[in-house]
Amino acid sequence: MNEVKHTYGFWDVVKSLVSGLRLTWRHFKNAKNRRTPEYVTDENYFNQPDGLVTLTYPYEAIPVPDNGRYRLHNEIDDCIVCDLCAKVCPVNCITIESVKATEEIGVTSDGTKKRLYAPVFDIDMAKCCYCGLCTTVCPTDCLTMTPVYDFAEVDIKNMIYHFTDLTPEQAEEKKQLLAKQQEEMAAAKAAALAARKLI
Amino acid sequence: MLAFVLTLVLLLLIVIVLAYAERKVAAFMQDRLGPTEAGPYGSLQSVLDVLKLLQKEDIVPAAADKSLFKLAPILIFAAVFAGFAVIPFTPDLVPAGIGIGVFYLLAIISLDVVGLLMAGWGSNNKYAMLGAMRSVAQIVSYEIPAGLAILSVVMVCQSLDFQEISYQQGVLMQIFPGLEYEANWLFGIEALGLETTNIGGITTWNIFRAPILLVAFVIYFIASLAESNRAPFDIPEAESELVAGFHVEYSGFRFAILFLAEYSMMVLVSLVAVILFLGSWNTPLPNIGPLQLANWTTGTIGELSSILWGGFWLLSKTFVLLFLQLQIRWTYPRLRVDQLMHLCWKVLTPIALGIVLLAGIWRLLMI
Ligand code: SF4
Ligand code: SF4
């Protein structure tokens, strides 16, 4: 490495002062050029020779990469409520309550049978660390990360996202159906038991 | 009274433009966009800033020395604003055309220091006090090289009247009462035998009439940066160490006044530099043979044309200097206190003393 040579002569100082002014002047002159919002794969993404580097954010934004890890989204129709995502989450920000269905609800888009309702499927985005583990374990790929990163809220309660498609009444109804079915099953079982005793 | 109102309005306009320019220039030099939201390209930003400041609560700290605290902004602004009274804006428009304008200006500007000290002391805040002490030390010191640089102009021009100094630097010289038989020579040296009285333009500016004044101009410019507390001499404010210096406790209207005074000071020192060194309201274009550029861009005295041309040249030259001040602010790092005093007392003051001597000798060559 070359040793930095300090020069203190009058003309050296003047020269360095002038070169300083030239530097700022060059930036001032190039201020007519602007950075353009380019995608990360664009050749010019890291190549910004001169001009203003900031964007007027809400109006312009650099597109986020496809594999970026931003806000979660759950396609509840495809969710089989297996609870894997809640278990793997390192910060426990997914809350799932499940209710067994009395009959088969349907199939997800990849053909898996759905047997559980999810009266509660909440993800607390304020706690989430966007590690993406939940999306990798999800067997039906219904939990995904979207390119949305600007979702600040005034009230922190709004950071809890509710993904369930059941209203509380429907959830209640499903619970009752299940309870009734279980009662019926218990009754049938008891009846069968009683019948066996009789023999 | 009319002059007062006109000057105040003009000053407010310039300051608002300057505050906007400061932000935009800073942004552009740092590869940012600067204000973009308020008005086209954010041009209403500084107007809105002023409106915001006016709405704010006027807080007087409980432990402050109330009377000093309240009086200081008014005194500071009054001192700076009073300086504008003697500035000739056009060939026949001076708010107060007194014969000892230069002397008056130097004297009245010094009052500023008292106001700063009052603000710093009255705030009863250590940062404000430190800022005020630094500010006063700096302004008092730098008044000496600045004063000496101005003195050399006064020696060359043999006048303390800003308007007379202005007339001397252009084609209109012989119109001024008392200067009828004066003549300008190239570089002020009659022996060269090139008369520039009717050539005018840049050749009759003070930095050309007596090239030694070019050095004086540089000294004055550096000292004026220090006097208006601009970077690289902004240790009185030094955002990063003293929060905001002497005006840290001020808010609302009083802060707006301090802010206004600071920018007015920038404008004032630039105006004085233009008037004393850069040909005042005179055009930079010389008459070359049949191309009477100087006459065309000067207008006729007493008519609107001379007012418009005069104002135009004066303001455009001032804005060039103001731009330079802004650029310097965003280019150079802040000086340390000892470096600041070293520069003032050991570099600028001796050179300025030498310039005064040389200016006197130059004056002898001019007659
Ligand atoms: S991204 Fe990570 S932290 Fe966020 S919900 Fe999924 S597993 Fe939990
Ligand atoms: S891992 Fe996927 S399918 Fe299982 S509960 Fe979570 S989101 Fe639903």
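The values are calculated or read from the model by the stated rules, or taken from the named source; none is laboratory data. Note that the structure is a prediction, hence the values are computed from the model and not measured. So basically every Cβ, Gly included, is an ideal-geometry build from the backbone, and we count neighbours across all protein chains shown. Side chains are part of the model used for accessible areas, which takes the heavy atoms of the whole protein and leaves out ligands, DNA and RNA. Shrake-Rupley method; radii C 1.70, N 1.55, O 1.52, S 1.80 Å.
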Report task. Could you calculate the FRET efficiency of B:Glu303 with B:Ala107 from 1/(1 + (r/R0)^6), where r is the beta carbon distance between them and R0 is 22 Å, rounded to 0.05? Result -> 0.05
Requested in this report: Sort largest first and round to whole Å: the equivalent ellipsoid semi-axes of the range B:1-155, each the square root of five times a Cα gyration tensor eigenvalue.
Outcome: 28, 25, 18
Report summary line: In terms of the charge dipole of the range A:72-179, which places +1 on Lys and Arg and -1 on Asp and Glu at the beta carbon, the residue among A:Val88, A:Val148, A:Ile76 farthest towards the positive end is A:Val88
Query raised in the report: For helix A:168-198, what angle does its Cα long axis make with the longest principal axis of chain A, in degrees from 0 to 90 and rounded to 10?
Result: 30
Report summary line: Taking protein heavy atoms only, a 1.4 Å probe, and rounding to whole percent, the accessible area of the protein assembly as shown owed to carbon and sulfur comes out at 65
Query raised in the report: In the range B:311-336, which residues give up 40 Å² or more of accessible area once the other protein chains are added, compared with their chain alone (1.4 Å probe)?
Result: B:Phe323, B:Gln327, B:Thr331, B:Tyr332
Query raised in the report: In a shell of Cβ-Cβ distance under 12 Å around B:Ile16, excluding B:Ile16 itself, what net charge do Lys and Arg (+1) and Asp and Glu (-1) give?
Result: -1
Report task. In whole Hz, with x marking every Gly and Pro, tabulate ³J(HN,Hα) for the range A:36-53 from phi via Karplus 6.51 cos²θ - 1.76 cosθ + 1.60, θ = phi - 60°. Result -> 9, x, 10, 6, 4, 7, 5, 4, 8, 4, 9, 10, 10, x, 8, x, 6, 9
Query raised in the report: For B:His342 and A:Glu60, what is the calculated FRET efficiency with R₀ set at 56 Å and r taken between the beta-carbons, to the nearest 0.05?
Result: 0.70
Query raised in the report: Expressed as a fraction of 2.2 N^0.38 Å, the rule-of-thumb size for a compact globular protein of N residues, what is the C-alpha radius of gyration of the range B:121-210?
Result: 1.63
Requested in this report: Ignoring ligands, DNA and RNA and using a 1.4 Å probe, state the total buried accessible area between A and B in Å², rounded to the nearest 100.
Outcome: 1400
**Report entry** Selected from A:Phe163, A:Thr102, A:Leu21, residue furthest toward positive end of dipole (chain A; charges at beta carbon)
**Finding:** A:Leu21
Report summary line: Packing-ranked peptide list from B:284-291, A:155-162, B:220-227, B:156-163, highest mean Cβ count within 10 angstrom first, is B:220-227, B:156-163, B:284-291, A:155-162
Report summary line: Once both label points are put 7 Å beyond Cα along the C-beta direction, the B:Ile361-A:Ala179 separation in nm becomes 11.0
Query - the range B:56-366 - Rg and Dmax from Cα coordinates, angstrom - result: 20.6, 71
Report summary line: Under the 7 Å Cα-to-Cβ spin-label approximation, A:Asp155 and B:Ser251 lie apart by a distance in nanometres of 3.0
Query - Accessible area per residue, Å², chain A with all protein chains present, probe 1.4 Å - result: 70
Requested in this report: Please give the calculated 222 nm ellipticity per residue for chain A, where each DSSP H segment of at least 4 residues contributes -39500 (n - 2.57) and the sum is spread over every residue; nearest 500 deg cm²/dmol?
Outcome: -10000 deg cm²/dmol
Requested in this report: Within a 10 angstrom radius of each residue's Cβ in A:21-29, how many Cβ atoms of other chains show up on average? Whole number is fine.
Outcome: 5
Query raised in the report: Does anyone have the angle between helix B:66-83 and the longest principal axis of chain B? Alpha-carbon axes, 0 to 90°, nearest 10?
Result: 20
Query raised in the report: Under a GNM of chain B (C-alpha, springs under 10 Å), which listed residue has the highest mean-square fluctuation: B:Pro91, B:Pro40, B:Pro232?
Result: B:Pro40
Query raised in the report: Working from the pairwise distances between different alpha carbons, so that the mean of 1/r is found and then inverted, what is the protein assembly as shown's Kirkwood radius in Å?
Result: 29.6
**Report entry** Neighbouring partner chain Cβ atoms per residue of B:26-37, average, 10 Å criterion
**Finding:** 5
Report task. Step through the residues of the range B:180-185 one at a time and calculate ³J(HN,Hα) from phi using the Karplus curve (6.51 cos²θ - 1.76 cosθ + 1.60, θ = phi - 60°), rounding each to whole Hz and writing x for Gly and Pro. Result -> 4, 9, 7, 9, 9, 10
**Report entry** chain B: Lys pairs at Cα distance under 19 angstrom, eight or more positions apart or on different chains
**Finding:** 4
Report task. Determine the per residue accessible area of the range B:56-366 with all protein chains present and a 1.4 angstrom probe, expressed in square angstrom. Result -> 39
Query raised in the report: What percent does the relative contact order of the range A:1-63 come to when contacts are Cα pairs within less than 8 Å and at least six residues apart?
Result: 29
Report task. Within the range A:61-103, find all residues whose amide N lies under 16 Å from a label point positioned 7 Å from the Cα of A:Thr41 along Cα-to-beta-carbon. Result -> A:63-68
Report summary line: With only helices counted (DSSP H, runs n ≥ 4, each -39500 (n - 2.57)), the per-residue ellipticity at 222 nm for chain B, to the nearest 500, works out to -20000 deg cm²/dmol
**Report entry** Debye-sum result for chain A in log10 I(q)/I(0), which assumes one identical scatterer on each alpha carbon, at q = 0.11, 0.14 Å⁻¹
**Finding:** -0.76, -0.96
Query raised in the report: Taking Cα atoms, how many degrees apart are the long axis of helix A:10-29 and the longest axis of chain A, rounded to 10 and kept between 0 and 90?
Result: 50
Query raised in the report: Summing +1 for each Lys or Arg and -1 for each Asp or Glu, what net charge is found among the other residues whose Cβ lies under 14 Å from the Cβ of B:Trp362?
Result: +1
Report summary line: Simple SL model, points at 7 angstrom along Cα→Cβ for B:Leu186 and B:Leu12; separation in nm is 4.9
Report task. Compute the length gained on full extension between A:Arg26 and A:Thr146: take 0.36 nm times their separation in residues and subtract their Cα-Cα distance, giving the result in nm to one decimal. Result -> 39.2 nm
Report summary line: Over all Cα pairs of the range A:72-179, the Kirkwood radius sets Rh, and Rg/Rh then becomes 0.98
Requested in this report: Report, for the range A:1-133, the % of DSSP beta bridges that are antiparallel, rounded to 5.
Outcome: 90
Requested in this report: With springs connecting C-alpha atoms under 10 Å apart, model chain A as a Gaussian network and identify which of A:Lys100, A:Lys15, A:Lys29 has the largest mean-square fluctuation.
Outcome: A:Lys15
Query raised in the report: What residue among B:Phe176, B:Phe81, B:Phe217 has the largest mean-square fluctuation in a Gaussian network model of chain B, using Cα springs under 10 Å?
Result: B:Phe176
Query raised in the report: Gain in length, B:Ile59 to B:Val218, computed as 0.36 nm per residue apart minus the alpha-carbon separation, to one decimal in nm?
Result: 53.2 nm
Query raised in the report: Sequence-distant or interchain residues sharing an amide H contact under 5 Å with A:Val120, placed H: which?
Result: A:Glu97
Query raised in the report: Is the shape of the range B:206-362 best called rounded, prolate or oblate, per the rule: a/c under 1.5 gives rounded, else a/b larger than b/c gives prolate, else oblate, with a ≥ b ≥ c the square roots of the Cα gyration tensor eigenvalues?
Result: oblate
Query raised in the report: Expressed as cubic angstrom per residue, what is the convex hull volume of the alpha carbon set of the range A:1-63?
Result: 134
Report task. Between beta-carbons, use under 12 Å as the cut-off and find the net charge around B:Leu75, counting Lys and Arg +1, Asp and Glu -1. Result -> +1
